[in-house]
Amino acid sequence: MDEALFLENSNVAPELRCSPRFQWHSMAVFGLSIFGVIILASLFAPFLTKYEPNDQSLLQRLKPPSLEHYLGTDALGRDVYTRILYGGRLALIISFVSVAISALIGTILGAMASRHAGSTFDEILMRMIDLFLAFPNIIIALMIIVVMKPGFWSLVIALTITGWTPYARLARAVGLEIASQTYIEAAVATGESEFLTMRKHIIPNTLGPILAQVFLRFGHTLLLIAGLSYLGIGIQPPTPDWGSMLAEAQPYMVRMPSLILSPGLVIFFTTLGVTLAGQGLMLMFDPQQRRTW
């Protein structure tokens with residue numbers, strides 16, 4: 001198909017398809033900045049602290065914040081600042097892996113459903129999505145992890161199973177909108193196969209909204225991991241994790257409020273950063289909102 005015809009009729013914004021550089025929404029920049037700082041702090045944790053996350057000293061237990069221990073120590077004398085730096089590593093990795101797999105599966109299924117709207121496959125897919133949406137994600141994740149036993153891959157599988165539905169719905173909705181464009185009709189008229197049409201036109205045009213959804217769902221996944229760890233079936237000790245730090249600090253929240261505030265605020269700002277980034281990206285790819293930049 002003629003490339004000029006594709007560009008003329010594509011619903012991708014001209015500033016996004018004609019130039020490798022485009023204006024970023026300030027909300028996305030701010031959110032990505034927060035998220036980037038937290039990722040860098042987790043990656044370079046060994047260079048930002050002199051302690052090990054599991055070093056215990058009962059003589060130093062429940063110490064308040066000081067120059068020696070910036071955020072104090074917990075009930076086992078472990079440095080809270082160090083455990084927060086290391087605590088985001090595994091949670092961020094699990095979130096990234098599960099969100100990436102969920103986005104891939106959901107986008108492909110949604111794009112396929114958009115090409116066969118009203119078919120048996122489309123009906124089965126939509127009913128499956130309705131079934132998953134009828135139950136809270138944490139309940140489904142709890143059932144899966146209890147059956148498989150807590151661990152890295154059980155968390156990834158549970159979060160993937162509970163996380164693919166938003167991408168499938170979004171990809172299907174965008175695909176149905178794109179299917180009505182004249183360049184799709186031209187591609188079909190020239191004998192282009194269903195697979196090629198989906199690969200060249202449907203999926204590339206859904207990448208913008210899907211990317212925004214990835215950031216929005218990343219924060220939700222991170223909260224779900226923290227909740228599972230808080231309940232004791234997420235990331236297992238002695239590996240430091242923000243959710244398990246909240247559970248360990250709960251008996252001392254009156255005596256040492258900083259012990260529970262520190263991981264709670266880190267979870268809040270991490271989720272806030274990725275959510276703002278997702279909302280900013282969503283505005284960037286929304287033609288109606290792009291005029292307000």
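No value in this document is a laboratory result; all are computed from the given coordinates. Please read all numbers here as calculations on a predicted model, not as lab measurements. For neighbour counting, all protein chains shown are included, and Cβ atoms are generated from backbone atoms with ideal geometry for every residue, glycine included.
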Fill in: Computed lengthening from VAL29 to LYS50, 0.36 nm per intervening residue step minus Cα-Cα distance
4.4 nm
Discussion item. At R0 = 25 Å, how high is the FRET efficiency between LEU43 and GLN236 if r is their beta carbon distance? Nearest 0.05 is fine.
Written reply: 0.70
Fill in: Ranked by how many other beta carbons lie within 10 Å on average, peptides 171-182, 209-220 from highest
209-220, 171-182
Worksheet item: Rounded to the nearest 20 Debye, what is the dipole magnitude of the stretch 34-165 about its Cα centre when Lys and Arg each give +1 and Asp and Glu each give -1 at the C-beta?
Response: 180 debye
Discussion item. Using 0.36 nm times the number of residues separating THR182 and VAL254, minus their current alpha carbon distance, what extension gain do you get?
Written reply: 19.5 nm
Practice prompt. Could you grab the relative contact order for the stretch 53-122? Cα pairs under 8 Å, six or more apart, rounded to a whole percent.
Written response: 20 percent
Discussion item. Using amide H atoms built in the peptide plane, which far-off residues or other-chain residues are under 5 Å from GLY234 H to H?
Written reply: SER229
Worksheet item: Lys/Arg Cβ at +1, Asp/Glu Cβ at -1, dipole of the stretch 77-132 taken about the Cα centre: which of GLY110, ILE93, VAL80 is farthest positive-ward?
Response: VAL80
Worksheet item: Which of the lysines could a cross-linker span from LYS50 if the Cα-Cα distance has to be under 19 Å and same-chain partners fewer than 8 positions apart are dropped?
Response: LYS63
Worksheet, complete the sentence: For the ARG61, ALA134 Cβ pair and Förster radius 45 Å, calculated FRET efficiency rounded to 0.05 is 0.50
Discussion item. 7 Å from Cα along Cα→Cβ at both THR190 and ALA75: what's the point-to-point distance in nm?
Written reply: 6.8 nm
Practice prompt. Go ahead and run the numbers for FRET between ILE93 and LEU207, Cβ-Cβ distance against an R0 of 22 Å, rounding to 0.05.
Written response: 0.45
